[in-house]
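So the structure is just underneath, and the comments pick up after that.
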Amino acid sequence: MMGAAYIEEFGSPDVIRYGDLPAPEPGPTDVLVDVTAVSVNHVDTFVRSGAWRTPLTFPFVIGRDLAGTVAAVGPGVHRFRPGDRVWCNSLGHDGRQGAAAEQAVVPVDRLYRLPEGADPYETVALAHPAATAYLGLFTHGRLRAGETVVVCGAAGNVGSALVLMAATAGARVIATASARDAEYCRALGADHVIDYRDPDVPGRIRDAAPAGVDLCFDTSGANDLETAVDLLAGRGRIVLLAGMRSRPVLPVGPLYLRDRSVLGFAISHATVGELAEAASAINRLVADGSLRPRAIERLHLSEAAEAHRRLEEGKVHGKIVLSTDTAA
């Protein structure tokens, strides 16, 4: 048996239970992981509540991302061996049980090595937002060096990864954030930082990019497409990655007259190849110390319901990471 945070029905954070479940058994191409840390993401709350329907069986272990140590491998697994430090960011979806347990089974093609010396709590806190940023910029946004990128909400978990990755790839980055976060955004690589409380944020963006913006992200999910489309250069792209319930006006004319486009994506639909490519990029940035979470709060796995409650109430600064260590 193992301790786990799980649900037996959809609902509010109150449906999350913590207790013993049978330990999972790895299949031929699976890896059994002793879990050290599990991050808490908004997508976890969508699955738990039933807002995002995905195949699952009850009792269902919640959680998407983990970091831990290999305990055992299936007979068809040759890339890992017991004792390897690893991470994953794609459990808890499409029939896969989640990560929030003392042990988890991970398909081998969804598992990645922790870089040498990397902190498992910091790495798991980055796993979801950094992969989202990578896929948004490169897989869907088709970013090229020299292009101009706007990141609205640049000091948040996804926003900060977007700024860093875009700047590292040779893009010119315009960030919007609170005034107190301006220096943080500049340290990540932003060329211009605009106070989101400025009464004319679009005007400030136009001043910084008079020829238009090539790629635009709004991490808040407000998705004001009328304003954003007007800021785009010819063949500019808007990538939607948040705002499941937003219903913005779509300015069709300006979109097609200048070959502009609006793309939506969710990391849950990423292929194993796309996730592995993102993981390689994340590991490089973690290994060289350039990608680190800004703030982490550690709670014990048994406090998963409280973590979900606080996340939905907007009372989380940085990331909550659940620990299997009783000393957490």
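The values are calculated or read from the model by the stated rules, or taken from the named source; none is laboratory data. The structure displayed is predicted, hence computed values, not measured ones. With ideal geometry, Cβ positions are generated from the backbone for all residues, glycine too; neighbour counts draw on all protein chains shown. All accessible areas refer to the heavy atoms of the entire protein, side chains included, with ligands and DNA or RNA removed. Shrake-Rupley method; radii C 1.70, N 1.55, O 1.52, S 1.80 Å.
Which of the residues spanning the range 253-289 are open to solvent by 50 Å² or more (accessible area, probe 1.4 Å), within 14 Å of Pro115 (Cα to Cα) and hydrophobic (A, V, I, L, M, F, W, C)? Listed by number, the list holds a single entry, Ala287. Condition first: touching a residue at least 40 places away in the same chain (Cβ under 8 Å), open to solvent by less than 20 Å² (accessible area, probe 1.4 Å), touching a strand residue (DSSP E or B) at 6+ places or on another chain (Cβ under 8 Å) and among the small types (Gly, Ala, Ser). Can you find one or more residues in the range 81-90 that meet it? No, the conditions are met nowhere in the range 81-90.
Per the conditions (1) surrounded by 13 or more Cβ atoms within 10 Å (Cβ to Cβ); (2) under 30 Å from Thr227 (Cβ atoms); (3) at pLDDT 95 or above, the sole criterion not satisfied by Arg298 is (2). Out of Val35, Val31, Val43, one residue alone is surrounded by 15 or more Cβ atoms within 10 Å (Cβ to Cβ) and in a helix (DSSP H, G or I). It is Val43.
Residue-wise test of (1) assigned to a helix (DSSP H, G or I); (2) in contact with a Pro (Cβ under 7 Å, 6 or more places away or on another chain).
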{"site": "Arg64", "(1), (2)": "no, no"}
{"site": "Thr69", "(1), (2)": "no, no"}
{"site": "Pro75", "(1), (2)": "no, yes"}
{"site": "Phe80", "(1), (2)": "no, no"}
{"site": "Gly92", "(1), (2)": "no, no"}
{"site": "Ala99", "(1), (2)": "no, no"}
{"site": "Pro115", "(1), (2)": "no, no"}
{"site": "Thr123", "(1), (2)": "yes, no"}
{"site": "Ala130", "(1), (2)": "yes, no"}
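Within the range 209-226, restricting attention to residues that are aliphatic (A, V, I, L, M) and surrounded by fewer than 16 Cβ atoms within 10 Å (Cβ to Cβ), the residue that is modelled with the lowest pLDDT is Ala222. Just one of the numbered conditions (1) part of a loop (DSSP other than H, G, I, E, B); (2) crowded, with 18+ Cβ neighbours inside 10 Å is not true of Ala23: (2). Out of curiosity, is Thr36 at pLDDT 95 or above, within 20 Å of Ser323 (Cα to Cα) and touching a helix residue (DSSP H, G or I) at 6+ places or on another chain (Cβ under 6 Å)? So Thr36 fits the description; yes.
Beta carbons closer than 6 Å, at least 6 apart along the sequence or on distinct chains, pair a first residue in the range 199-216 that is over 20 Å from Phe138 (Cβ atoms) and without any contact (Cβ under 8 Å) to a residue 24 or more places away in the chain with a second that is surrounded by fewer than 23 Cβ atoms within 10 Å (Cβ to Cβ) and of a type in the set (D, E, K, R) for Arg204/Asp198. Has the range 302-316 got any residue that is at pLDDT below 95 and more than 17 Å from the chain's Cα centre (by Cα)? Within the range 302-316 (the criterion being at pLDDT below 95 and more than 17 Å from the chain's Cα centre (by Cα)), the answer is yes, since at least one residue qualifies.
Among the criteria (1) more than 23 Å from Val249 (Cβ to Cβ); (2) over 18 Å from the mean Cα position of the chain (by Cα); (3) not hydrophobic (A, V, I, L, M, F, W, C), the one Asp224 does not fulfil is (1).
Quick one: is Tyr134 of a type in the set (Phe, Trp, Tyr), more than 18 Å from the chain's Cα centre (by Cα) and more than 24 Å from Met2 (Cβ to Cβ)? Judged against the criteria, Tyr134 is not a match.
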